[in-house]
1. Of all residues in the stretch 85-100 being among the hydrophobic types (A, V, I, L, M, F, W, C) and in contact (Cβ under 8 Å) with a residue 40 or more places away in the chain, which is farthest from N243 (Cα to Cα)?
2. For the stretch 224-250, enumerate the residues that are in a loop (DSSP other than H, G, I, E, B), hydrophobic (A, V, I, L, M, F, W, C) and over 20 Å from the mean Cα position of the chain (by Cα).
3. Considering each of G22, G18, G13 in turn, give the residue that is under 26 Å from L305 (Cβ atoms), within 16 Å of the chain's Cα centre (by Cα) and in a helix (DSSP H, G or I).
4. Would you confirm whether any residue within the stretch 207-226 is within 25 Å of V44 (Cβ to Cβ) and either outside the structural domain of R130 (by TED's automatic domain parsing) or without any contact (Cβ under 8 Å) to a residue 24 or more places away in the chain (or both)?
5. Consider only pairs whose beta carbons are under 7 Å apart and that are at least six residues apart or on different chains; among these, list those whose first residue lies in the stretch 179-190 and is among the acidic types (D, E) and whose second residue is surrounded by fewer than 18 Cβ atoms within 10 Å (Cβ to Cβ).
6. Of all residues in the stretch 29-48, which are more than 30 Å from Q94 (Cβ to Cβ), of a type outside the set (D, E, K, R) and surrounded by fewer than 18 Cβ atoms within 10 Å (Cβ to Cβ)?
7. So, in the stretch 121-153, exactly how many residues are of a type outside the set (A, V, I, L, M, F, W, C) and either crowded, with 19+ Cβ neighbours inside 10 Å or at pLDDT 95 or above (or both)?
8. Where residues in the stretch 251-294 are crowded, with 22+ Cβ neighbours inside 10 Å and acidic (D, E), which of them is nearest to the chain's Cα centre (by Cα)?
Amino acid sequence: MTNDEIYELIILGAGPAGTAAGVYASRKQIKALLITEGFGGQAVVAAKIENIIGQPELSGVQMAKIFEEQARSVGLRTVFDKILSVKKEKEFFQIETANNGFFQAKNILVALGRQYKNLEVPGEERFKGRGVVYCSTCDAPLFKNKAVAVVGGGNSALLSVIDLLAYASKIFLLNRSEELRADPVLIDEIKKDLRVELIFNAQITEIFGDLMVKGMKYQNLKTGELRELAVNGVFVQVGMTPNSDLFKNLVKLNELDEIIVEPLTGRTSAPGIWAAGDITNLPYKQISVAIGDGIRALLDIYGELKDVKLQEFI
């Protein structure tokens, strides 16, 4: 089923970039539609967010609620659905959704963010939801008085360790390299707790168990030695990958599958397609940066629709 209505703009995704763009689209009276599976993006799983100016501290769930309330308050039309495909048919883009058919637009803004990477080791898929988890905010309470492993060395991994300090009896942090990439303040915090054991040069080779996870195996990349850890949970925090699969044949991507954009405008290599936030090749994957990216792209779209030059915004 194809919806007959033609939108000036369809925004894909309602994380920080997509929501900000949607609010600005309504304020600029652009005929816009937002399609998303939910507000908040990947940050919805964060237990504590402290780097948004004007909001000293809030959770990812609280942030998502604020996003949705503000989008509703400005009258932004929103469809909650999974996006199946995006195609260009003559002069319009056709966005296919799982439950609401096709939507048509003259322009689209892609703000679908990223998703967690898998370890791609034996046992990971089998034990997903049975000890292998990706969200410490959601699942840390399930591991009260249990030994767990966190895999990764960036901010997300260390924040998972911090989430687990309230519950776990022992936390192994396994990092593939010899140093952590996280912010120094986070490194200092986890080193204070004797329950946290850092394991460097660790390549995960297997996760095992019966009905639930019982342990994991890893190889020391310097010595080649294989070792086992008895743990009841494995928190995977090894990075994220852009949700750009639907656009590989529409726009140019870089070697990381990020959508390449012109940094001042968010324009992609394809006319009528803009992108913003963590799905793009722009640096600094932060909530506040994504909000700015979304607004900047939206203003460029508005300028394109109304034939307003950049200087006229100043």
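1. The qualifying residue farthest from N243 (Cα to Cα) is F92.
2. V231, L250 - these are the residues of the stretch 224-250 that are in a loop (DSSP other than H, G, I, E, B), hydrophobic (A, V, I, L, M, F, W, C) and over 20 Å from the mean Cα position of the chain (by Cα).
3. Of the residues listed, the single one that is under 26 Å from L305 (Cβ atoms), within 16 Å of the chain's Cα centre (by Cα) and in a helix (DSSP H, G or I) is G18.
4. No, every residue in the stretch 207-226 fails to be within 25 Å of V44 (Cβ to Cβ) and either outside the structural domain of R130 (by TED's automatic domain parsing) or without any contact (Cβ under 8 Å) to a residue 24 or more places away in the chain (or both).
5. From residues that are among the acidic types (D, E), the pairs are D183/N155.
6. Matches in the stretch 29-48: A47 only.
7. Residues flagged as of a type outside the set (A, V, I, L, M, F, W, C) and either crowded, with 19+ Cβ neighbours inside 10 Å or at pLDDT 95 or above (or both) within the stretch 121-153 amount to 13.
8. Among those residues, the one meeting the criterion is D278.
The values are calculated or read from the model by the stated rules, or taken from the named source; none is laboratory data. This structure is a prediction, so every number in the text was calculated from the model and none was measured. Positions of Cβ are backbone-derived with ideal geometry, glycine not excepted, and every protein chain shown enters the neighbour counts.
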